[in-house]
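The values are calculated or read from the model by the stated rules, or taken from the named source; none is laboratory data. What you are looking at is a predicted structure, and each value in this text was computed from that prediction instead of being measured. So basically every Cβ, Gly included, is an ideal-geometry build from the backbone, and we count neighbours across all protein chains shown.
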Amino acid sequence: MSRENMRERVWILSKPSPVADELTGLIAAAGISRAARPERATVWLVALPRSEAIEVLSRTLPPHVTVVDLSGTLRVGRMGRYALVDGDELVDGDPPFRGDRLACPAPLPAAVILGMRRAGLDRHDFIDGPIQVSAAAGVSVATEGRGGTMSLSRRLFHHPQAHEITTALSGIDVANFACMVSHAQPRGVMAIVTGRLTNRGLHRVIPTTEVDDFDLGLVLDTAEVRHRLVLQREGRGALFTLAVVMDDITFQATNAVRLVKALHGA
């Protein structure tokens with residue numbers, strides 16, 4: 001689709017925040033036109049606090065309007081399509097369509113899902129039993145009102161974000177999902193996934209050989225997702241440890257822009 005046909009398509013509903021600010025800059029840099037009024041937009045980008053986004057998303061919107069929700073409202077309510085982009089497609093294998101209600105992912109599950117996919121661990125017949133997820137993240141992922149130097153997620157076994165992983169990686173279960181937030185770190189995520197490989201997985205999955213370029217600092221202010229995979233042979237299978245790093249703020253904003261570009265063929 002030409003730039004001419006993309007004019008005045010996007011309406012951004014946001015309040016000042018790191019993600020909203022980055023989203024606005026990326027929309028401009030991509031040359032995606034913004035609508036002068038909401039009724040002229042075909043895409044609504046919702047980057048409001050969840051308490052305000054609920055009111056917006058509870059309205060009856062025209063069927064031609066595509067909603068890209070970064071607030072977590074659709075995701076937490078398990079409404080719409082899970083809209084995590086990997087390469088040129090959503091993780092469900094189909095492109096976004098006009099009129100979709102697109103629920104952008106939470107950063108921690110997104111890191112796990114993309115890391116598992118890129119390491120070749122996204123096939124259930126390669127995984128023997130459930131996986132365990134531990135993560136360290138910057139204050140950008142912290143729940144509003146929580147503070148201190150370091151805090152641990154309230155739920156360790158039945159964390160609601162584990163559902164994102166099990167939905168995107170069909171047939172793979174999550175035994176526990178624990179996140180620790182460092183309030184001294186402004187942004188960034190490191191996720192650690194451990195589990196067992198089947199014999200079949202052992203012969204198909206390739207561990208990482210180059211590790212010098214694996215560091216959270218190397219991906220800050222980028223949308224890059226890097227991973228490192230280590231295997232330890234055990235019986236007919238193997239234990240695996242997968243580490244994934246990404247900048248949650250830049251990734252969330254970039255994921256939303258990729259959805260818009262994929263929707264309009266930009």
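Kindly indicate whether Arg226 is free of Cβ contacts under 8 Å to residues at least 24 places away in the same chain, in the same structural domain as Ser134 (by TED's automatic domain parsing) and in contact with a strand residue (DSSP E or B) (Cβ under 8 Å, 6 or more places away or on another chain). Criteria met by Arg226. Is one or more of the residues making up region 106-114 outside any helix (DSSP H, G or I) and modelled with pLDDT of 90 or more? For region 106-114, residues outside any helix (DSSP H, G or I) and modelled with pLDDT of 90 or more: present.
Could you say which residue among Ala47, Ala28, Ala41 is surrounded by 14 or more Cβ atoms within 10 Å (Cβ to Cβ), of a type outside the set (Phe, Trp, Tyr), under 28 Å from Gly138 (Cα atoms) and at pLDDT 90 or above? Selected residue: Ala47, the only one of Ala47, Ala28, Ala41 that is surrounded by 14 or more Cβ atoms within 10 Å (Cβ to Cβ), of a type outside the set (Phe, Trp, Tyr), under 28 Å from Gly138 (Cα atoms) and at pLDDT 90 or above.
Across region 228-266, the qualifying residues are those that are in contact with a Cys (Cβ under 7 Å, 6 or more places away or on another chain) and of a type in the set (S, T, N, Q), and the one among them that is surrounded by the most Cβ atoms within 10 Å (Cβ to Cβ) is Gln252. Of the residues making up region 38-56, those that are out of contact with any helix residue (DSSP H, G or I) (no Cβ under 8 Å at 6 or more places or on another chain) and free of Cβ contacts under 8 Å to residues at least 24 places away in the same chain are Glu39, Ser51, Glu55.
I'd like the residue in region 233-256 that is part of a loop (DSSP other than H, G, I, E, B) and of a type in the set (D, E, K, R) and, out of all such residues, is nearest to Gly138 (Cα to Cα). Only one residue fits best here, namely Asp247. Considering region 77-105, the residues that are among the small types (Gly, Ala, Ser) and assigned to a loop (DSSP other than H, G, I, E, B) include one that is nearest to Gly171 (Cα to Cα), namely Gly93. Yes or no: Gly195 small (Gly, Ala, Ser) and surrounded by 13 or more Cβ atoms within 10 Å (Cβ to Cβ)? Yes.
Conditions tested, residue by residue: (1) more than 15 Å from the chain's Cα centre (by Cα); (2) in the same structural domain as Leu259 (by TED's automatic domain parsing); (3) more than 19 Å from His163 (Cα to Cα).
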{"position": "Leu74", "(1), (2), (3)": "no, yes, no"}
{"position": "Asp86", "(1), (2), (3)": "no, yes, no"}
{"position": "Phe97", "(1), (2), (3)": "yes, yes, yes"}
{"position": "Val112", "(1), (2), (3)": "no, no, no"}
{"position": "Gly115", "(1), (2), (3)": "no, no, no"}
{"position": "Gly120", "(1), (2), (3)": "yes, no, yes"}
{"position": "His124", "(1), (2), (3)": "yes, no, no"}
{"position": "Ile131", "(1), (2), (3)": "yes, no, no"}
{"position": "Ala135", "(1), (2), (3)": "no, no, no"}
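Taken together, the residues in region 51-80 that are of a type in the set (Lys, Arg) and surrounded by fewer than 17 Cβ atoms within 10 Å (Cβ to Cβ) amount to 2.
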